[in-house]
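The structure under discussion appears below in the form of C-alpha cells.
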Amino acid sequence: MAKQQKTGSRSQVNETKHAAKTKIVENKPLVQSVNDYLSKHINVFLWISMGLTLLFSLILFDPKVSLTGDDSFYIIRASDFLKKFEYPSFQGPLYPLLLSIFLAVAGLNLTVLKGVSLIAALGFVYLTHQAFKNRIPALLHVIVLLLVSVNSFVLYYASQTYSEMFYMFLQALLLLVFFRKFIDVEHVDTIKQDVKRHLLLALVLLSMALTRSIGFSALIAVLGYFTLKKQWRNLWMGAVSFIVLYFVFQGIRYLLWGDAGLQFSSQGSGLLQKDYYNAAKGNEDFAGLVKRFLENSNLYLSKHFFNMTGLRHYELIQPVMPFLTVIFYLIFITGLVLSFLKNRFVFFTGLLSGAFLMVTFVILQSRWDQNRLIIPVLSLMLLIFFAAFYYLSEYRQLKALYWAAIVLAVFMFLRELAFTSQKSRQEQSAKGKYGGLTPDWKHYLQASEWAAKNLPPDAIIACRKPSISFIYGKGRNFYPIMKVPSFSSVNFFEKWEKEDIPYTYFNYNDLTGKQLSPPIYNAIKGYYEAQLFIGERFYLFDRFPDSIRERIHTDLRNAGMNFYTQPDTLARLIAAEKQPPVLIYPDSLLIPLIKDNVTHVLTANLRRNSVQKDGMIINTVERYIAYVQDKYPDLLTPVQKIGSDDDEPAVIYKLNYERQKAYLGINK
C-alpha cells in the first residue's frame, strides 16, 4: 500500500512538472520563440549564407578589371614588389604583398588573383558568424548574414582585386578576437596572458591599418570602447601594444627599404587640400572640413546606404535626401546608446562602424562619391541599424517594432535579391574580353594591347589609366599622367616683383588668327615660360633676353600685337575672380617625361559620363600634352589610331623631344 502511494505520489509530481512545463511553453512569448528557433538553427543560416555568397559571387564574377583602375594598381604594386623589391606604400602594403604570393605562382592571371577576394568573402561570412554566435540576438545575427550574402554591391568585390574584401575579412577577425579576448573575458589571471591577448589584438589592428589607411579608425574604436567602459588597464596596454608593434614594423621597413615614413603621408597631404588634384587651391580649413563631413554624410548615407540596402530605388544618378541622412543618424545613435546598455558586442560593432564613417566623411573629398568607400562597414551598419528596432521593442509600448524589424528585413532581402538577380543577368550578357564596354573604353584597351605588342620593348607609354593598361598590356611599362600639376601664382607674382623679372605677356586671344612673321613667332615660342589662367582668360608669359627685348617689342607694335609688361592689370583681374588663377609651366610638365624616358603617349576619348556620349571626356592627358605642345608644336607624331574619328578613338603618339632636350640642357 505504501509502495503504491509512493508510486502514485511520484506520478503526480511528474504530471505536475509536465503540466507546468507545457504551460510555460504555451505561455512563452512569440518573440522569444522566434529567437529560440533562430538560435537553435543558427548554423543552418551560416551555411545558407555561405552558399548564397558563393553562388552569387560566381554568377557576378567579372573577368575584366574595373574601369576606375584602382584595383589594377594593387596588382602593379604586387608586381613591382616581386620584380624590383619596391615597398608597396601608397594604398597600404599588406594586400599587394598578399597578391604577390599568387602573382609569383600563377603569373598575371586575373582569375587566380580575383579568387583571393572570393576566398576572403567566404572567410568574412564565416568569421562574422563565429563572432556573433551566442553573443548577439539571433534575429540580428540572421538578418546581417542574409542581407550581406545577397547584396550585389558587396559581392561585386568578391571578384575584384580591390582590397575591400580582404579588409572585411580582417575586420571580422578583429570582431572575433576582441569578443573572445576582451568581452567574453574582461580580466585575465596573469600578466603574461594579458600581454599575449593585447599583442594579438594589436597585430590584427596593425594588419587592418596596413591594408587600408582607414584601418587606423579601428584603433580609435578599440581605445574608445576601453575608455567608455573605464577599462584603464586595457586602454594603456592596448595603446602601448599597438605602438610597439607599429614601430617594430617601421624598423623592419627601414632595414629592408631604407624608408620609415608614415604610411598615409603620401595620401594625407592631398586629402587635406581643398582640391586633391590642384594643390594651388590650398588646404581645407575647419569650416571646410565640417562642410565636407555634412556633404559626405548626405552622399554616403541618404544615397549609397539606402541604395545598397534596397530602401531606395537604385538610379545611376540620384539626388541626396538630407532627411534620410537625419533619419539614419537618429536610428544609428539610438542603436548605439541602447546597445551600450544592453549588449557590449553590438556596442563595440557600432563604435567600429561609427569611427570608420566619421574618419571617412572628414578626410575624403565629396567629389569622389563612391559607394565602395563605405562597403567595408555595410554589414556593421546594418547590425546597429536593426539593433535600434530590436532593443526599442523590449519596451512594452514599442514591442511592435520587433515585427517591424522582421518585415523591414524581409523587404530589404527581397529587394536586394531582385537587384542582384538583375545584375547577374546583365553580367551574363556582358561576358568576354570587351563585354559590356562602350567604344571609348574598348578602343582605349585595344590601344594598350597594340602598344604592348608593337612598340619597342623599352618603350614607355604615358596614359590616363596606367594600371588598366598594365593589365591589358600584359605587364608592359605604362606611365601615369593622373593630373596636371599647377603652381602657386602668389609665389610667381612675389618673385616677379621682388626680382623685377622682365616678363612680356599676351592675352592668348590676341594671338589667335594673327599672321606672325617667323622672327616674332620663333621668339614667342622660344622664350615662352608660363601660362596663366584667370577665369576664362588665358595669358602667355615670355622672358626675352635683354639683348633682343626692345627689338621684339618694336616688332610686336609694328605687327599690331597687344602685349603687357606690368603685373597691375593681372592683379585686378585676379582680385575680381572668385576662383584662384591656375599657373602652368610647360617645361615643368615636359622635363619629368624626358627624365623618366617616356617615349609615347596614349590619348583617348574616355567619357566623363559613362552612359552618355556627349563629347565631355576625361581630358587630363590631352590637357597635359596640349600645354607642352603649345610651346613645342613639333612634340607629337601619330603612330596608331584605334577607332574612327566619330567613334571615340584612341591614338598613340611618339614624343619627339631631341630639340627640347638640347634647349633645356638635358643630356639624358
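The values are calculated or read from the model by the stated rules, or taken from the named source; none is laboratory data. It should be emphasised that the depicted structure is a prediction, and the values quoted were computed from it without experimental measurement. In this analysis, Cβ positions are derived from the backbone assuming ideal geometry, glycine residues included, and neighbour counts consider all displayed protein chains.
Overview of results
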| quantity | calculated |
| --- | --- |
| Residues of segment 94-130 classified as touching a residue at least 60 places away in the same chain (Cβ under 8 Å) and hydroxyl-bearing (S, T, Y), total | 3 |
| Close pairs (7 angstrom Cβ cut-off, 6 or more residues apart or separate chains): under 19 Å from S217 (Cα atoms) in segment 374-396, in a helix (DSSP H, G or I) and of a type in the set (D, E, K, R) anywhere | I375/E164; P376/E164 |
| Close pairs from segment 579-594: first in contact (Cβ under 8 Å) with a residue 60 or more places away in the chain and under 14 Å from R623 (Cα atoms), partner of a type in the set (S, T, N, Q) and assigned to a helix (DSSP H, G or I), Cβ under 6 Å, at least 6 apart | L583/S489 |
| Unique residue being crowded, with 19+ Cβ neighbours inside 10 Å and within 30 Å of G69 (Cβ to Cβ) when the list is L201, L145, L173 | L173 |
| Conditions (1) part of a helix (DSSP H, G or I); (2) under 18 Å from T211 (Cβ atoms); (3) at pLDDT below 95: number failed by L245 | (3) |
| From the options L201, L173, residue that is under 24 Å from the mean Cα position of the chain (by Cα), on the phi < 0 side of the Ramachandran plot and not aromatic (F, W, Y) | L173 |
| Helices (runs of 4 or more DSSP H) wholly inside segment 42-137 containing at least 1 residues that are among the β-branched types (V, I, T), modelled with pLDDT under 95 and within 18 Å of S467 (Cα to Cα) | 70-84, 110-132 |
| Subset of segment 552-568 [part of a helix (DSSP H, G or I) and touching a Phe, Trp or Tyr at 6+ places or on another chain (Cβ under 9 Å)] | I552, H553, L556, R557 |
| Count of segment 306-323 residues which are polar (S, T, N, Q) and either more than 25 Å from V144 (Cα to Cα) or assigned to a helix (DSSP H, G or I) (or both) | 2 |
| Selected residue [at pLDDT 95 or above and in the same structural domain as S217 (by TED's automatic domain parsing)] from L311, L316, L324, L364 | L324 |
| Selection from segment 565-590 of residues that are among the hydroxyl-bearing types (S, T, Y) and farther than 24 Å from V628 by Cβ | T565, T569 |
| Some residue of segment 291-305 being at pLDDT 90 or above, exposed (fewer than 15 other Cβ atoms within 10 Å of the Cβ), within 22 Å of the chain's Cα centre (by Cα) and not β-branched (V, I, T) | yes |
| Out of D630, D646, sole residue that is of a type outside the set (A, V, I, L, M) and either not assigned by TED's automatic domain parsing to the domain that holds A459 or not in a helix (DSSP H, G or I) (or both) | D646 |
| Residue check for I574: in contact with a Leu (Cβ under 6 Å, 6 or more places away or on another chain), aliphatic (A, V, I, L, M) and not assigned by TED's automatic domain parsing to the domain that holds Y632 | no |
| Condition check for Y402: in the same structural domain as N134 (by TED's automatic domain parsing) and within 25 Å of P29 (Cβ to Cβ) | yes |
| Conditions (1) farther than 18 Å from F386 by Cβ; (2) modelled with pLDDT of 95 or more; (3) buried (at least 19 other Cβ atoms within 10 Å of the Cβ): number failed by R344 | (1) |
| Selection from segment 527-539 of residues that are without any contact (Cβ under 8 Å) to a residue 60 or more places away in the chain and closer than 21 Å to I501 by Cβ | Y527, E529, A530, L532, F533, I534, R537, F538, Y539 |
| Residues that are out of contact with any Lys or Arg (no Cβ under 6 Å at 6 or more places or on another chain) and free of Cβ contacts under 8 Å to residues at least 60 places away in the same chain, drawn from segment 604-624 | R608, N609, Q612, D614, G615, N619, E622 |
| Hits in segment 103-114 (condition: crowded, with 17+ Cβ neighbours inside 10 Å and not hydrophobic (A, V, I, L, M, F, W, C)) | K114 |
| Of the criteria (1) among the basic types (K, R); (2) farther than 23 Å from P633 by Cα; (3) under 41 Å from the mean Cα position of the chain (by Cα), which one K498 fails | (3) |
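Quick grid of which residues meet (1) among the hydrophobic types (A, V, I, L, M, F, W, C); (2) under 17 Å from F61 (Cα atoms); (3) not assigned by TED's automatic domain parsing to the domain that holds N656:
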{"residue": "A418", "(1), (2), (3)": "yes, no, yes"}
{"residue": "Q422", "(1), (2), (3)": "no, yes, yes"}
{"residue": "L455", "(1), (2), (3)": "yes, no, no"}
{"residue": "I461", "(1), (2), (3)": "yes, no, no"}
{"residue": "R464", "(1), (2), (3)": "no, no, no"}
{"residue": "I468", "(1), (2), (3)": "yes, no, no"}
{"residue": "G475", "(1), (2), (3)": "no, no, no"}
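Table: residues versus (1) of a type in the set (G, A, S); (2) surrounded by 11 or more Cβ atoms within 10 Å (Cβ to Cβ); (3) farther than 18 Å from F487 by Cβ.
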| position | (1), (2), (3) |
| --- | --- |
| P518 | no, no, yes |
| A523 | yes, yes, yes |
| Y528 | no, yes, no |
| M561 | no, yes, yes |
| T569 | no, yes, yes |
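Quick grid of which residues meet (1) more than 23 Å from R659 (Cα to Cα); (2) at pLDDT 85 or above; (3) not assigned by TED's automatic domain parsing to the domain that holds V621:
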site	(1), (2), (3)
F493	yes, yes, yes
D510	yes, no, yes
Q531	no, yes, yes
G535	yes, no, yes
G560	yes, no, yes
Q566	yes, yes, yes
L570	yes, no, yes
